[in-house]
Amino acid sequence: MTQAFYQKWRPQTWEQVVGQEHVITTLQNAVAADRVAHAQLFAGPRGTGKTTTARLLAKAVNCLAEDLSSRPCNQCKHCRAVNQGRFLDLIEIDAASNTSVDDVRDLRDKINFSPNQGRYKVYIIDEVHMLSTAAFNALLKTLEEPPEHAIFVLATTEVHKIPATVLSRCQRHEFRNLSVTDMVAQLKDVAASEGLDADPDALALIARQATGSMRDAISLLDQLASTSEQITLEITRDVLGTATSQSVLALVDALLADDSAAGLDQLHQTLDSGRDPRQFARQVVDYLRGLLLVRMGNADQVDVPAELRAQMAEHAQAFAVSDLLEIIRNFNHAASDSRNAWQPALPLEIAFVQSLQQPSPEGTPAPQQGESKRVPGRAQPPEPEPATRQESSPGESDIDSVPQNMMKNWGKILQQVRDRNPQTQALLNSCKPMGMKGNALVLGFNGEFAKSKMESGENLEIFQQVLEEILGRKITAICIVAKGGEMPAEIDQEGMVATALRDLGGEIVDIQ
Ligand SMILES: Nc1ncnc2c1ncn2[C@@H]1O[C@H](COP(=O)(O)OP(=O)(O)OP(=O)(O)O)[C@@H](O)[C@H]1O
Ligand SMILES: [Mg+2]
Ligand SMILES: [Zn+2]
């Protein structure tokens, strides 16, 4: 099988690492002076060169070249062994799958044995923030007094999750997102070496899409290369899909319109089409950051295709700066949060719902009906669509129109649920309120798992209490699994759920 571009083009020398000069110079000097720290922490966004640099360091400290400043030489047997992935003293541990204290103890026992081949055993612990507290404590002992022959490189995308005790024992290096210019230069090299004919505009578009991650940029180029040898702007647009930016725009539109249903639908559509949730969250952040810059009068610093500029200017004017900041924070959180979520869409859903207009804090007057809490120019929230079509269902007059009250207060309901139990709110974010029948609210979940979670513990009780407090009446919640597909025939077509679903536009695939 052919190697993926990003693996094939992993830098083998210090000089080939782009955009991290501050880190590379420090490490190069340490190697040349034979004073490499025994515990290093590489912090920074994904795909910016942490693992690459850690391997370079492992190679350099074990290189056999006489001249210290020319290490790694890539010629000696140790350098070659590292390059071929068969150097026994380079040990890479993925903390995401070895989080337990036993794993760290195991490491601690083995570390005292001398290196097999080289001068140093180099331990690269990737995603180190995933270690449990007990595992961190066990690791701490080793970091305090590492054997002379051991070097640790801890790599993380989430440095704020690393205990201070660990941080204080490491030499810390901050990796940065790569600039579009650096990425374009690198992409040009890769394209030329691969014999691709790539239009500079196309490479710029790829680089922008990669939002700072060189790995993503190279992977996108890889994807394009498999489509065509000539990479034009047009082909790039087609393959990367303007659909992507369309989905960001649609999400922002939904935020402005305060339309939770449209926004959540948009999110689900985007993720169903196979987009990575974190990548999507980053694109949203990137766009919002652009709006912020435009809003602050720095439109010239925003690097977007001409056709997007007008749209950006319009969106930028529609938000208050304080709202923009808050929304950016919410989605930024989602951008770093999705990896561990048991529900991949959840962090995005939470970010979206939190970014909808929140009820005014106590003491400040609530906005008048029809008056926007955001700045003038903001689109008015549309009237929630009545979900029942009473005129077309004369026999079912006992079904409530989805009460406007419920829709209007949904943000507030979620907020109060969250105050009592964030997990309950998270579960509510993964369902769709489908409609009312009398005093029962039907909640449609995407799958059995979320549905049964919602039904367990105190979740329903908390939700019902909040409903009663906010809406002033007792409402029972009923959970069903409901996603695309026909209503099964065995469901009583005149029964409550069936009627609610038919009239409220839901579709059901499973029912207890
Ligand atoms: N600074 C860089 N200069 C040149 N190429 C880079 C750089 N950063 C990343 N790359 C490219 O991306 C690939 C992946 O990089 P690497 O594995 O070092 O990222 P990482 O920072 O460890 O990411 P993660 O946090 O996801 O583990 C490399 O093989 C290389 O092709
Ligand atoms: Mg890595
Ligand atoms: Zn060497």
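Values in this text are rule-based calculations from the coordinates and carry no lab data. Bear in mind that the values here come from a model prediction, so they are computed numbers and not experimental data. No Cβ is skipped: glycine too gets one built from the backbone with ideal geometry, and neighbour counts run over all protein chains shown.
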query: Roughly how big is region 45-138's charge dipole about its Cα centre, with Cβ charges of +1 (Lys, Arg) and -1 (Asp, Glu), in debye to the nearest 20?
result: 340 debye
- line: Given backbone amide H placed at 1.01 Å from N, residues whose amide H is under 5 Å from that of Q171, ignoring those fewer than 5 places away on the same chain, are A39, Q40, L41
task: Work the Kirkwood hydrodynamic radius out for region 5-174: mean of 1/r over every pair of different alpha-carbon atoms, inverted, in Å.
output: 16.1 Å
message: Suppose R0 equals 51 Å. What FRET efficiency, 1/(1 + (r/R0)^6) with r the Cβ-Cβ distance, do E461 and E314 give to the nearest 0.05?
response: 0.70
message: How big is the dipole moment of region 1-157 about its Cα centre under a simple scheme where the beta carbon of each Lys and Arg is +1, that of each Asp and Glu is -1, and everything else is neutral? Debye, nearest 20, please.
response: 420 debye
- prompt: Of K8/K141; K161/K474; K50/K412; K408/K453, which ones are farther than 31 Å apart at the Cα?
  reply: K8/K141; K161/K474; K50/K412
statement: Sorted by chain and number, the residues with a modelled amide H under 5 Å from that of L90, at a separation of 5 or more or across chains, are V122
message: Place a point 7 Å from the Cα of S97 along the Cα-to-Cβ direction; which residues of region 107-148 have their backbone N under 18 Å from it?
response: 107, 124-132
query: Given labels modelled 7 Å from the Cα in the Cβ direction, how far is it in nm from D272 to S132?
result: 3.9 nm
statement: When R71, R215 are ranked with the fewest other C-beta atoms within 10 Å first, the list becomes R215, R71
- request: Scan region 42-131 for chymotrypsin sites (Phe, Trp or Tyr not before Pro) in coil per DSSP, keeping those whose Cβ has at most 13 other Cβ atoms within 10 Å, and list them by number.
  value: F113
- request: Note down, for region 180-240, the three equivalent ellipsoid semi-axes (square root of 5 times each alpha carbon gyration tensor eigenvalue), biggest first, whole angstrom.
  value: 15, 12, 10
- prompt: Which whole-Hz couplings ³J(HN,Hα) result when phi for each residue of region 22-31 is put into the Karplus expression 6.51 cos²θ - 1.76 cosθ + 1.60, θ = phi - 60°, listed in order with x for Gly and Pro?
  reply: 4, 6, 4, 4, 4, 5, 4, 5, 5, 5
- request: Translational diffusion coefficient, Stokes-Einstein: compute it for region 104-160 using the Kirkwood radius over C-alpha pairs as Rh, at 25 °C and 0.890 mPa s, and state it as an integer in µm² s⁻¹.
  value: 204 µm²/s
message: Could you tell me the center-to-center distance, by alpha carbons, between region 42-103 and region 119-147 in angstrom?
response: 16 Å
message: Whole-Hz ³J(HN,Hα) for each residue in region 459-465, computed from phi via Karplus 6.51 cos²θ - 1.76 cosθ + 1.60 with θ = phi - 60°, x for glycine and proline: what do you get?
response: 3, 5, 4, 4, 4, 5, 4
statement: The correct pair for region 42-129, radius of gyration to one decimal and Dmax as a whole number, both in Å and from Cα atoms, is 13.9, 41
message: Modelling each spin label as a point 7 Å along the Cα-to-Cβ direction, I'd like the Q230/Q3 distance in nm, to one decimal.
response: 3.0 nm
- line: Neighbour-count ranking for V481, V402 (other C-beta within 10 angstrom, fewest to most) reads V481, V402
- request: Give the dimensionless ratio obtained when the Cα radius of gyration of region 90-192 is divided by 2.2 N^0.38 Å.
  value: 1.28
query: Long-range amide H contacts for I125: which residues qualify at under 5 Å (H placed 1.01 Å from N, peptide plane, sequence gap of 5 or more or a different chain)?
result: I93, V153, L154, A155
Likely footprinting exposure, L249, L220, L428, L325, fewest C-beta neighbours within 10 Å first: L325, L249, L220, L428
